[in-house]
Structures are given as C-alpha cells and as structure tokens.
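J.: Here it is, the structure in full.
Readers should treat all values here as calculations from the given coordinates under stated rules, not as data from a laboratory. Remember, it's a predicted structure, so these values are computed and weren't measured experimentally. Positions of Cβ are backbone-derived with ideal geometry, glycine not excepted, and every protein chain shown enters the neighbour counts.
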Amino acid sequence: MARQNFYLICLLFLPVAVTVFCLPVAAQAPRDYMTEDEVELVRDAQDIDERVIVLTKMIDRRFAALNVNVGGATVPAKETSKWGPAPTGTKTELIDDIKKLLEKAIDDIDNVAMHPIVYSDDKGRSEKDKKKDAQRFPDAMRNLAASVKRYQPGLKTLLDSATDEKQRGLIMASLESCDEIISASTKGLPEGKN
C-alpha cells in the first residue's frame, strides 16, 4: 500500500516537476544578432546600397563593443536615438553577431544579384535619379568590400586572443566571408571600377 501511494504521489508531482525544471530553459529565448532599433533600420533600408551601409555600421558597433578599432565611423550623436543603445553581449556573442551580419550582407547582395531590382522608368524621374539607381549595386559592392578590408585586421587580432574553439570557429568563418566578399567585388565590377 505504501508503495502504491509513493507511485501515486510521484505521478501527481511529475507534471509539476517537469514544468518547474523546463520553465527556465523555455524562458531563454535565442539571442537576436540585431537590436530592435537595428532591425527597424534594416527594414527601412530597402535599396542595397543603403542596406550595406546600415549592416556595416552594425558590424562597426560590434567591434566597438569588443574594443577593437577597425576604423569604422561612429554613430553621430544626433543619430544615437535612431540606432538605440550599443549592442551588448559576451565576447562570443558579439563575434557571432559579426559573423551573422556578414552572412546577412552576403545574402542580401546575392539576392539582388540573382533578382535585379528594376526601378521604374517613369518620365517624371530625373536622369540623376536613374543614374543613382544604376549605381546602387556597384556602390554596395565597393562599400562592403572596403569595409571587410577594414575588418580583416580586427578579426585577426580577435583570432589571436580567442579563448576557446567556438570563438576561433566564428572568427575563421567571418574571415572566410570577408575573403568571399573581396573576391566577388573584384569579379563583379567592370575593370577599373573597384
């Protein structure tokens, strides 16, 4: 009889125990590699040249949070409310953010390359606007390539000071993304334009 009561009590408290022990795990939402304010800025930057500028500033902010100078422009004081607070996280999380932001930039560039945006050829558009639209993709490639060239020394510095294999793997993946971007930028632009 005592044994049956023991089993009954265990069966009654099992759902409670599972809930109590699983709640902390469920409460830990996966970390987003962009802040809420940055998500809005990316959403607003629909043209590829503007999108690349936003993404590279986001990467610059991660390097600044890691105290690694990559020569990036800081967000002007008048724009801090638009960008929101500086990104935070552990060293590994910020390095992972950089990797994911580089991958996002590559994905966005690839998407535009495979599905070129055809801007309206309305008669009301000026020749200046039409010329600017035609330059958006090449400008984005040049800006992204210039930025990753700035990032490479900073990533190598981080690689030298990496404390674990996860950090090393993330940094190596970021360096590979930088090489991929530089290679694509020299192949994708007309001679003399890079």
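J.: How are the C-alpha pair distances of the stretch 32-188 spread across 10 Å bins, as whole percents from the shortest bin up?
T.: Pairs per bin, as whole percents: 10, 39, 33, 14, 3, 1.
J.: Oh, and also: Among the listed pairs LYS149/LYS187; LYS104/LYS187; LYS128/LYS187; LYS128/LYS149; LYS100/LYS132, which have their C-alpha atoms separated by more than 23 angstrom in this model?
T.: From LYS149/LYS187; LYS104/LYS187; LYS128/LYS187; LYS128/LYS149; LYS100/LYS132, over 23 Å: LYS128/LYS187; LYS128/LYS149; LYS100/LYS132.
J.: Also, quick follow-up: With only alpha-carbon pairs counted, each pair once and no self-pairs, how large is the Kirkwood hydrodynamic radius of the stretch 100-181 in angstroms?
T.: With all distinct Cα pairs of the stretch 100-181 included, I get 14.8 Å.
J.: While we're looking at this one, here's another question. Suppose the chain between ALA86 and ARG168 were pulled fully straight at 0.36 nm per residue; how much longer would it get relative to their current alpha carbon spacing?
T.: 27.1 nm
J.: Just to be sure I understand the model, the point goes 7 Å from the Cα along the line to the Cβ. What's the resulting ALA45 to ILE117 distance in nm?
T.: Output for this residue pair reads 1.2 nm.
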